[in-house]
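These notes concern the structure reproduced below.
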Amino acid sequence: MFIIKCPYCGERDVTEFSYGGDATRAYPQDPAQATPEDWHAYVYERDNPRGWHVEWWQHSQGCRQWLKLRRNTLTHELGRTALPHEPLSPDDDEGSDA
Amino acid sequence: MAEITQRRSPLGGRAEARDINIPDGGTPGVALQHRTGLCITQAAAYPGCDAALRASLAEIAGSEPDARPNRSVAAPAGRLIWTGPAQYWLVTEDPQNPASDLAEATAETAAITEQGHGRVCLRLSGRDARLVLAKGSTIDFHPSHFAAGDCAQTGLLSVSCLIDCIADEDSAPGVGPVFDLYSARSTAEHFLEWAIEAAAPHGCRILTPGSGIAAP
């Protein structure tokens, strides 16, 4: 059980959110030129990191907005949250503000 | 044959007036009322059109909505409630349904959707109203944190719910805080049963369904 800081609503219980998967995968820059291998990698290939990771979450019972969350998969420690268009990396070392 | 359109409550008569656990000569801790006859109009601005939408809402409702997250405003026409970035609800009472006027005014700036048919509103008020809400949600309902003009979309006992604080201990002395709770029509019965069960230990007076401020 943990508390996620929604960029709009502030701190809310995790039960209000829905997990949306890996947020580190980048959509092919030129979809028309992307190969089946590119699409396969984008859609299916996922790492299983032990440590800091960036994930999609949706505040589904709140403002229904999608957000990125930096989370440590080993310790459940939470880092910064960001809006979808804002950059956020697993290596972001700005510290926890959740 | 003429068509007859009639509103039918999803609560099916379960919110009729009665007292629950109120001792003789005692006062109820909370009051519950099913608010009927509401028009709920959702307005979602197209990208970059938030200011234009708020101006249109000000024209229709008489006040501009608060653009800050989780804030609501009492307008002459009804309540203006933030429901998401650049997205608002306008809640009014029959028969002044503003949806068509708003759709006309915001044809180029926003998507207008009527939500009244799909939502149920319970008004919870009284001295113990905050204690009742705290039984179902993890939000902090202390008066210093959730006062008149604050609203939140959250889960009440896992049922998605929008909570709008329309009055608090300071603005309605003697009445206690007043909250409007909006839930989906499909979960309305469960929602009402939870509210009654949570309110019963405090002494609950269920008021006749209708509109207006309910006070125990």
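Could you go through region A:38-55 and let me know if any residue there is closer than 22 Å to B:Thr138 by Cα and buried (at least 18 other Cβ atoms within 10 Å of the Cβ).
Among the residues of region A:38-55, not one is closer than 22 Å to B:Thr138 by Cα and buried (at least 18 other Cβ atoms within 10 Å of the Cβ), which makes the answer no.
So if I check each of A:Thr35, A:Thr15, which one is at pLDDT 95 or above and among the hydroxyl-bearing types (Ser, Thr, Tyr)?
Step by step, each of A:Thr35, A:Thr15 is checked, and only A:Thr35 is at pLDDT 95 or above and among the hydroxyl-bearing types (Ser, Thr, Tyr).
Each row is one residue, and each column tells you yes or no for (1) outside the structural domain of B:Leu192 (by TED's automatic domain parsing); (2) in contact (Cβ under 8 Å) with a residue 40 or more places away in the chain; (3) closer than 30 Å to B:Ala134 by Cα; (4) out of contact with any Phe, Trp or Tyr (no Cβ under 8 Å at 6 or more places or on another chain).
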| residue | (1), (2), (3), (4) |
| --- | --- |
| B:Ala45 | yes, yes, no, yes |
| B:Ala52 | yes, yes, no, yes |
| B:Ser56 | yes, yes, no, yes |
| B:Gly78 | yes, no, yes, yes |
| B:Ala99 | yes, yes, no, yes |
| B:Ala103 | yes, no, no, yes |
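Identify all residues within region B:27-57 that are farther than 23 Å from B:Gln115 by Cβ, of a type outside the set (Val, Ile, Thr) and open to solvent by less than 30 Å² (accessible area, probe 1.4 Å); write none if there are none.
Within region B:27-57, B:Pro28, B:Gly29, B:Ala31 meet the criteria.
Based on what the data block shows, is A:Thr24 within 14 Å of another protein chain (Cβ to nearest Cβ) and under 30 Å from B:Gln87 (Cβ atoms)?
no
So which residues in region B:64-79 are crowded, with 16+ Cβ neighbours inside 10 Å and over 17 Å from the mean Cα position of the chain (by Cα), if there are any at all?
If the condition is that a residue be crowded, with 16+ Cβ neighbours inside 10 Å and over 17 Å from the mean Cα position of the chain (by Cα), then B:Glu64 is the only one that fits.
Within region A:64-84, can one find any residue that is within 14 Å of another protein chain (Cβ to nearest Cβ) and exposed (fewer than 14 other Cβ atoms within 10 Å of the Cβ)?
yes
Considering B:Gly62, B:Gly26, which residue is in contact with a strand residue (DSSP E or B) (Cβ under 8 Å, 6 or more places away or on another chain) and over 30 Å from A:Ser60 (Cβ atoms)?
Working: B:Gly26 fails: in contact with a strand residue (DSSP E or B) (Cβ under 8 Å, 6 or more places away or on another chain).
B:Gly62 is the lone residue from the list that is in contact with a strand residue (DSSP E or B) (Cβ under 8 Å, 6 or more places away or on another chain) and over 30 Å from A:Ser60 (Cβ atoms).
Within the group B:Ala152, B:Ala129, which residue is at pLDDT 95 or above, within 25 Å of A:Ser18 (Cα to Cα), open to solvent by less than 20 Å² (accessible area, probe 1.4 Å) and among the small types (Gly, Ala, Ser)?
Going through B:Ala152, B:Ala129 in turn, just one is at pLDDT 95 or above, within 25 Å of A:Ser18 (Cα to Cα), open to solvent by less than 20 Å² (accessible area, probe 1.4 Å) and among the small types (Gly, Ala, Ser): B:Ala152.
Return the residues of region B:88-107 that are surrounded by fewer than 20 Cβ atoms within 10 Å (Cβ to Cβ) and either closer than 18 Å to B:Phe179 by Cα or modelled with pLDDT of 95 or more (or both); say none if nothing qualifies.
B:Glu93
Mind checking which residues of region B:62-78 are modelled with pLDDT of 95 or more and within 17 Å of B:Thr113 (Cβ to Cβ)?
B:Pro65, the sole residue that qualifies.
Name the residue that is nearest to the other protein chains (Cβ to nearest Cβ), counting only residues in region B:157-213 that are among the small types (Gly, Ala, Ser), surrounded by fewer than 18 Cβ atoms within 10 Å (Cβ to Cβ) and over 16 Å from B:Ser72 (Cβ atoms).
B:Ser158
The values are calculated or read from the model by the stated rules, or taken from the named source; none is laboratory data. None of these values were measured; they are calculated from a predicted model. All Cβ positions, glycine included, derive from the backbone under ideal geometry; neighbour counts span all protein chains shown. SASA here: full protein model, heavy atoms, side chains in, ligands and nucleic acids out. Shrake-Rupley method; radii C 1.70, N 1.55, O 1.52, S 1.80 Å.
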